[in-house]
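I have placed the structure first, in the form of structure tokens, so that the comments after it can refer back to it.
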Amino acid sequence: MMLESLELLLLVLAVVFSAFAVETRSLSRSVFGLLLFTVTVGLIFLTLGAPHIGALQMIVYSGGVMALFLLVIMVTARRDET
């Protein structure tokens, strides 16, 4: 019973984070929502009994999202703070 409720909580969080990544207007917040989504999917794999796939999900895809985050920060124009 406890494991099913944890899986349900993680699935709800995955839907919330993916909707946040799509609906927000800020690029950095959108990439952060995508990062939280990939971590949540990795945790779902861990609870389903696939630790290797969950670890791979969190290392590879979350690392790729963080590289995307750095690219977004470098490419977008910043306003001068004067």
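General remarks:
- Residue-level check: of (1) part of a loop (DSSP other than H, G, I, E, B); (2) modelled with pLDDT of 90 or more, ASP80 misses just (2).
- Residues that are of a type in the set (Asp, Glu) and touching a helix residue (DSSP H, G or I) at 6+ places or on another chain (Cβ under 9 Å) within the stretch 1-46 comprise GLU7, GLU23, listed in sequence order.
- Flag: VAL22 does not match the condition of being over 30 Å from MET1 (Cα atoms), of a type in the set (Val, Ile, Thr) and buried (at least 18 other Cβ atoms within 10 Å of the Cβ).
- Meets criteria (part of a loop (DSSP other than H, G, I, E, B), charged (D, E, K, R) and modelled with pLDDT of 85 or more) for ARG25: yes
- Scanning the stretch 50-60 for residues that are surrounded by fewer than 13 Cβ atoms within 10 Å (Cβ to Cβ), of a type in the set (Val, Ile, Thr) and in a helix (DSSP H, G or I) turns up at least one hit.
- Here VAL41 fits the description: crowded, with 18+ Cβ neighbours inside 10 Å, among the β-branched types (Val, Ile, Thr) and within 18 Å of SER5 (Cα to Cα).
- Being part of a helix (DSSP H, G or I), modelled with pLDDT of 90 or more and under 30 Å from THR76 (Cβ atoms) is a property that PHE32 lacks.
The values are calculated or read from the model by the stated rules, or taken from the named source; none is laboratory data. These numbers were taken from a predicted model, which means no experiment stands behind them. Using ideal geometry, Cβ is built from the backbone for each residue, glycine included, and neighbour counts are taken over all protein chains shown.
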